[in-house]
Amino acid sequence: MDKYPIGVFASIGAGLGVRLEVVKELGIHTVQLCCPHKEMRTEENAKKFIEKLNEIGVKITVVFCDFKGESYSTIQTTRETIGLVPPDLRAERKQEIREIADFAKVLGCDRIGIHIGFIPHETDSDDYRDLVATLAELADYLKAQGQAFHLETGQEKADGLLQFLQDVGRDNIFINFDPANMILYGSGEPIPALKKLGKYVRSCHCKDAKWSDKPGDTWGCEVPFGTGDVNAKAFLETLKEIGYEGPLTIEREIPAEPERQKAEISQAMDLIESLKKEVWG
Ligand code: MG
């Protein structure tokens, strides 16, 4: 794969990403795939899907976990429903992640992305220890089949995430850095966070946002890449600085407005192409 190819967040069936037809129209050749739900994760579907991808020359770089019952409608619902953090859903979702990893393997993808949720801050609590143990166990499962975990940024400040990675202590857990999420969740300035997490960053989202007037209490506002508070050029320059060479995956989360979504992804592609020339030459 070329260095820093443009990508887009895509989905089959339900999910936030754009459909494959749109990926084809936009002329994009890498996607992060929002994993379809259980009933669609059959081997037969995977084979059909691979055929379709080969036909349009698209490679999956990360398969992203997406669980039924998750809601990002407010920061509070995110706290209650996302990822592996809700204790009553942890065992069930742990099992589902294994199944998603198996499905990703059939798709030929060795990276599993996930929002694990708001990590408890009491690092001496049973809940924190259980979450650390859960991640370690899943990382071992992935490692046995040659796969890695990519944790998406957002819910945590960079320091909290670093502490968590160190506590889990596995060498196949990395970061999917989303600069807009740092702003949306009020988790800290994205560029210094990217520098701090640098050596762990193996995938990223080109997404932008504006700060909330109450960061951490209410959502910031997601906006087209290059028009928010991220500073797109500084983002790419920092990716260069940390030695990042992976895909630049555009994410624009307005699935209810597909035409506008496509247009704004296309504008983001133009911006990234011109910034790539400035930053990487
Ligand atoms: Mg993201």
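The values are calculated or read from the model by the stated rules, or taken from the named source; none is laboratory data. Predicted model only: the values in this text are computed from it and were never measured. For neighbour counting, all protein chains shown are included, and Cβ atoms are generated from backbone atoms with ideal geometry for every residue, glycine included. Note: accessible area is taken over every heavy atom of the protein model, side chains too, but ligands, DNA and RNA are not part of it. Shrake-Rupley method; radii C 1.70, N 1.55, O 1.52, S 1.80 Å.
For the reader, a short list of remarks on this structure follows.
- Among GLN95, HIS205, LEU107 - extreme Cα towards positive end, dipole of the chain, charges at beta-carbon: LEU107
- Cα centre as origin, Lys/Arg/Asp/Glu Cβ charges: the chain dipole, Debye: 680
- For the range 6-279, carbon and sulfur atoms together expose 49% of the accessible surface, with a 1.4 angstrom probe and every protein chain in place.
- Cα centroid separation, the range 212-281 to the range 103-136: 26 Å.
- Kirkwood Rh, Cα atoms: Rg over Rh of the range 1-88: 1.03
- Within-12-Å neighbourhood charge of GLU251 [Cβ basis; K, R +1; D, E -1]: -4
- Take the chain with all the other protein chains still there, run a 1.4 Å probe, and you get 44 Å² of accessible area per residue.
- Proximal lysines relative to LYS207, as straight alpha-carbon distance under 21 Å, when same-chain residues fewer than 8 apart are discounted: LYS3, LYS24, LYS59, LYS157, LYS195, LYS196, LYS199, LYS233, LYS240, LYS262, LYS276, LYS277
- Packing rank of 236-242, 219-225, where each peptide gets the mean count of other beta carbons within 10 Å, highest leading: 219-225, 236-242
- A helix-only calculation puts the chain at -13500 deg cm²/dmol for mean residue ellipticity at 222 nm, using -39500 (n - 2.57) for each DSSP H run of at least four residues, averaged over all residues.
- Residue with peak Gaussian network fluctuation, the chain [Cα springs, cutoff 10 Å], from TYR72, TYR141, TYR244: TYR72
- Total formal charge among the other residues, if their Cβ is under 13 angstrom from that of ILE50, Lys/Arg +1 and Asp/Glu -1: +1
- Proximal lysines relative to LYS68, as straight alpha-carbon distance under 18 Å, when same-chain residues fewer than 8 apart are discounted: LYS38, LYS94
- With all pairs of separate Cα atoms included, the chain yields a Kirkwood hydrodynamic radius of 18.9 Å.
- Under the membrane-span-like helix rule (DSSP H runs whose alpha carbons stretch at least 30 Å along the helix axis, mean Kyte-Doolittle hydropathy -1.0 or higher), the chain yields 258-280.
- Charged neighbours of SER187, selected by a Cβ distance under 11 Å, balance to -3 (K, R count +1; D, E count -1).
- Counting only DSSP beta bridges whose two residues both lie in the chain, roughly 10 percent are antiparallel.
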